[in-house]
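Report on the following structure.
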Amino acid sequence: MKKNIALITDSTCDIPQNLLDQYKIEVVPLTIVWGEEQLRDGVDLEAEDFYQRLISDSVIPTTSQPTPQEMVQAYENAKKNGAEEVVIFTISSAMSGTHESAKKAAELVDIPVHVVDSKANSMSLGWQVLAAARAREKGGDVQAMISAADEARESMVYIISLDTLEYLHKGGRIGGASHFIGNLLNLKPQILVNHQSGEVEGGRRSRTRKKALVDLIDDFFTQVDTNKPMRIAVLHNAALEEAGQIKEQIKSEYHPEEIILSMVSPVLGVHTGPRAIAICGYTE
């Protein structure tokens, strides 16, 4: 008899709503703290509204992780809905305390909870969750779900082209990208996620936006095996037109198995700023 397994992730996953619904994936929101306001990512604050306000509001927002209590609530809801086990994938533990909250909460409920550190965020987390969901759909158990996600992560490439470093700088999230500071703030820098350490690192710098987006595509496809079936997401911080063009170019030149266009969640947008564009994907 197959066990009923709930699949949960956090709001940094950037999985489009139709796929969350299709695969019955539950999402626990992180919080945007904007002055006196506490806004739940994707619940009280939608991405479109967020980016508009980010440009015009002089107050710089910050972010906070879900509390263990909010995680407990998610686990208990899953149990109430018939789950016998829970698998939760979180944003990298090197980037957020969300993973820690999920682990603490797992000790407070009477249902087995498997907490997985995605070592990533955005659709790099999202693709791992979707791989797990698809394994579950084929009848896979918890181990099959986690293995499918691990496999996806092994070939995952995730590169972000920033329009500005201002927001990473303000948020103190420069980390391994620190060599960009100073006079380089006006260049168009790349950052990338290291899926071993789960940290953000600095990539190449481009002189113009146009060149930066050409470099983004070139650098991504240099790192993936284009002979294998590819699952790719093009992500944007309210730069739909450019992201849409990149998606169409990738479709016609590289023919991926699956391609998704998605807007980046406010929690991540706080750090990457308006008009960032990323490509994130893996091969099977």
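What figure in square angstrom, to the nearest 10, would you give for the accessible area of Glu242 with a 1.4 Å probe?
About 50 Å², ignoring ligands and nucleic acids.
Can you tell me the Rg and Dmax of the range 244-284, counting just the alpha carbons, in angstroms?
12.1, 32
Over the range 182-249, what portion of Cα pair distances is larger than 20 Å, expressed as a whole percent?
Numbers: 847 of 2278 pairs.
The proportion of pairs with Cα distances above 20 Å equals 37 percent.
Taking the Cα centre of the range 179-284 as origin, work out the dipole magnitude from +1 charges on Lys and Arg Cβ and -1 charges on Asp and Glu Cβ, in debye rounded to 20. Numbers along the way, then the final one.
Details: 12 positive and 13 negative charges, 101 e Å.
It comes to approximately 480 debye.
If you consider only alpha-carbon coordinates, what radius of gyration and Dmax does the range 39-81 have, in Å?
14.5, 43
Of all the accessible heavy-atom surface of the chain, with the other protein chains kept in place and a 1.4 Å probe, what percent is carbon and sulfur? Working shown, then result.
On the way: 5990 of 12770 Å².
Carbon and sulfur atoms account for 47 percent of the accessible area of the chain.
Mind scanning Lys104/Lys138; Lys119/Lys211; Lys2/Lys119; Lys138/Lys247; Lys80/Lys103; Lys188/Lys228 and naming the pairs with a C-alpha gap bigger than 26 Å? Don't skip to the answer; put the middle values down first.
Details: Lys104/Lys138 30 Å; Lys119/Lys211 29 Å; Lys2/Lys119 29 Å; Lys138/Lys247 29 Å; Lys80/Lys103 20 Å; Lys188/Lys228 31 Å.
Beyond 26 Å between Cα atoms: Lys104/Lys138; Lys119/Lys211; Lys2/Lys119; Lys138/Lys247; Lys188/Lys228.
In bins 10 Å wide, starting from 0, what share of all Cα pairs of the range 9-134 does each bin hold, as a percent?
13, 43, 34, 9, 1
Only helical DSSP H runs with n ≥ 4 go in: add -39500 (n - 2.57) per run for the chain, normalise by residue count and round the 222 nm mean residue ellipticity to 500 deg cm²/dmol.
On the way: 10 runs with 109 residues, N = 284.
After summing the helix terms and dividing by residue count, I get -11500 deg cm²/dmol.
P(r) tail for the range 72-169, what percent of Cα pairs lie past 16 Å? Provide the component values of the computation, followed by the final result.
Working: 2904 of 4753 pairs.
Value for the range 72-169: 61 percent of Cα pairs lie more than 16 Å apart.
Just how much of Val116 is accessible, in Å², when a 1.4 Å probe is used and the result is rounded to the nearest 10?
Counting only protein heavy atoms, the figure is 10 Å².
Work out the P(r) tail for the chain: percent of alpha carbon pairs separated by more than 28 Å, whole number. Don't jump to the answer; show the numbers that get you there.
On the way: 13451 of 40186 pairs.
More than 28 Å apart: 33 percent of the Cα pairs in the chain.
Charges only on Cβ, +1 for Lys and Arg, -1 for Asp and Glu: so what's the dipole of the chain about the Cα centre, in debye to the nearest 20? Could the numbers behind the result be given before it?
On the way: 28 positive and 40 negative charges, 107 e Å.
It works out to roughly 520 debye.
Place a +1 charge on the Cβ of each Lys and Arg in the range 1-150 and a -1 charge on the Cβ of each Asp and Glu, then give the dipole magnitude about the Cα centre in debye, rounded to the nearest 20.
Values: 13 positive and 23 negative charges, 134 e Å.
Charge dipole, the range 1-150, about its Cα centre: 640 debye, nearest 20.
Lys/Arg Cβ at +1, Asp/Glu Cβ at -1, dipole of the chain taken about the Cα centre: which of Gln69, Ile159, Thr9 is farthest positive-ward?
It is Ile159.
Let me check I've understood the local charge: for Thr283, count other residues with C-beta under 14 angstrom from its C-beta, Lys and Arg +1, Asp and Glu -1. What total comes out?
Working: positive: Arg153, Lys228, Arg231; negative: Glu151, Glu154, Asp225, Glu257, Glu258, Glu284.
Summing Lys and Arg as +1 and Asp and Glu as -1 gives -3.
Can you work out the accessible area per residue across the chain, with the rest of the protein chains kept in place, probe 1.4 Å, in square angstrom? Let's see the in-between values first.
On the way: 12770 Å² over 284 residues.
Each residue of the chain exposes 45 Å² on average to a 1.4 Å probe.
Of Gly82, Ile55, Ala144, which is farthest on the positive side of the dipole of the chain, counting Cα position, with +1 on Lys and Arg Cβ, -1 on Asp and Glu Cβ, and the Cα centre as origin?
Ile55
The values are calculated or read from the model by the stated rules, or taken from the named source; none is laboratory data. Everything numeric in this text was worked out from a predicted model, so none of it was measured. Don't worry about glycine lacking a Cβ; one is built from the backbone with ideal geometry, like all the others, and counts go over all protein chains shown. Protein only, heavy atoms only, side chains kept; ligands, DNA and RNA dropped before computing areas. Shrake-Rupley method; radii C 1.70, N 1.55, O 1.52, S 1.80 Å.
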